[in-house]
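The block underneath contains the structure these notes are about, expressed in structure tokens.
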Amino acid sequence: MAVKNLEEYQGVWVFIEHSGGEIAPVSRELLGAGRKVADKLKTELAGVLLGSKVEEMIPEVFARGADKVYVIDDPVLEQYRTKPFTHGLFNLVQKYKPEVVLMGATTLGRDLSGAVATKLETGLTADCTELDVDPKSRLLLQTRPAFGGNIMATILCRRHRPQMATVRPRVMPEPPRQEGRTGQVIREELGLREEDIETQIVEVIEEKGKAVYLDKAEIIVAGGRGLGGAENFKLLEELADTLGGTLGASRAAVEAGWISADYQVGQTGTTVRPKVYFAIGISGAIQHLVGMQTSDVIVAINKDPDAPIIKVATYSIIGDLFKVVPALTQRFREKLGK
Ligand code: FAD
């Protein structure tokens, strides 16, 4: 069912994900992206904060660029469950009619965005890597890899509102804090009691063993098929340890069973945005590039001067990784006194 009166829908919203009283980095990144979209549309940017005891986070939402914050603070929302969060966000959208709603492409964001978009009967573009807007048509330009990552598709939601998108963490920069920036707070009731919800959270068990937080790493030393075997990741580990970095990998290395899938960077792995990304024996297939090409500095080590990774690299070392990597590690150790 298409929305008849598109003009009724105004404003850009960012759903604020949080845990332990802290706003998730992806929500801060989206406030930055949302601000740009709102400015181009000459409209307001709002954060949407759902949870229990969320009051303390409101100033941070303003400091990252919001003009308004919609708040539903209710003990029922203490931990994420699909039904009460969908209920809360759906009702807010129905009442205040934003034209754009953005969320992180996290486990929570993927669940909630799908449920809310279905209830609203509007479109949702999942896993965007770029956002822009056409101020004339007011259409959100939602770009994401398509057809196995071989092309980047820009998707439009022409006849329905709001235009909804999830965006991958770490593909957009965080906006700087603007101390003392403030705005309007709009508080609403959830209107749902614990008895109305079929699911209960009995216990939260922390995941053990997954020590890799690639999306937060500042230095990543990633290896690909060029390594030729699991044992050669040792070379990369030495370089990573020297620099205080973490390992990463291409899908080819993961599929060969050389390293666990937790380390995979790319379209079907993690999107990363470290300060320095070493791509070692990685050719730079588009599905790998979409997961790392916004890194601040990219160092490619490859024996093929025509490998696609060379085109996106800040620095390229053309040569045999088995010679280059130990020499680099040695040099860094000397420089860093390790
Ligand atoms: P290759 O492409 O084989 O490249 C190996 C490189 O090593 C070459 O450039 C070679 O010159 C170099 N080399 C070899 N020996 C040496 C040496 N001694 N010294 C220096 N250089 C050397 N891939 C991902 O990485 N992440 C993803 O999330 C991902 N998702 C995908 C999703 C879909 C739907 C599909 C279809 C594919 C996906 N892929 C993904 C796979 C991707 O298309 C490539 O196949 C993969 O990235 C290739 O990995 P690679 O660069 O390690 O291997």
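Only the coordinates and a few stated rules stand behind these numbers; no lab work does. Remember, predicted model here, so these are calculated numbers, not experimental data. Don't worry about glycine lacking a Cβ; one is built from the backbone with ideal geometry, like all the others, and counts go over all protein chains shown.
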Percent relative contact order for segment 194-294, counting Cα pairs under 8 Å at least six residues apart, stands at 31
A256-T268 pseudo-label distance in nm [points 7 Å out on the Cα-to-Cβ vector]: 1.7
For the chain, longest principal axis from Cα atoms; helix 25-41 axis from its Cα atoms; angle between them, nearest 10 degrees, is 60
Between I286 and V185, what FRET efficiency comes out of the Förster formula 1/(1 + (r/R0)^6) with R0 = 51 Å and r the beta carbon distance, rounded to 0.05? 0.75
For every other residue with a beta carbon closer than 13 angstrom to the beta carbon of L321, add +1 if it is Lys or Arg and -1 if Asp or Glu, then tell me the sum. +1
Excluding residues on the same chain fewer than 8 positions from K303, give the aspartates and glutamates whose Cα lies under 14 Å from its Cα. D320
Taking a ≥ b ≥ c as the square roots of the Cα gyration tensor eigenvalues, with a/c under 1.5 meaning rounded and otherwise prolate when a/b beats b/c or oblate if not, the chain comes out prolate
Hey, with R₀ at 35 Å, roughly what FRET efficiency would K40 and K303 work out to, going by the Cβ-Cβ distance, to 0.05? 0.20
Enumerate the aspartates and glutamates that K275 could reach by cross-link, defined here as Cα to Cα under 13 Å, with residues fewer than 8 away along the same chain left out. D215, E218, D296
On Cα atoms only, tilt of 107-120 relative to the major axis of the chain in degrees: 40
Return the whole-Å distance between the Cα centroid of segment 167-238 and the Cα centroid of segment 1-76. 18
Helix 233-243: angle to the longest alpha-carbon principal axis of the chain, degrees 0 to 90, nearest 10? 70
By per-residue mean of other Cβ atoms within 10 Å, what is the highest-first order of 328-336, 23-31, 162-170, 55-63? 162-170, 23-31, 55-63, 328-336
Take the Cα of Y80, step 7 Å along the line toward its Cβ, and report every residue of segment 167-206 whose backbone nitrogen sits under 17 Å from that point. 167-171, 199-206
Highest average packing first - 98-111, 69-82, Cβ atoms within 10 Å: 98-111, 69-82
Check cross-link reach from K323 to the aspartates and glutamates: straight Cα distance under 16 Å, and skip same-chain residues fewer than eight apart. E231, E237, E238, D304
Computed helical MRE - 222 nm, the chain, DSSP H runs ≥ 4 contributing -39500 (n - 2.57), nearest 500: -8000 deg cm²/dmol
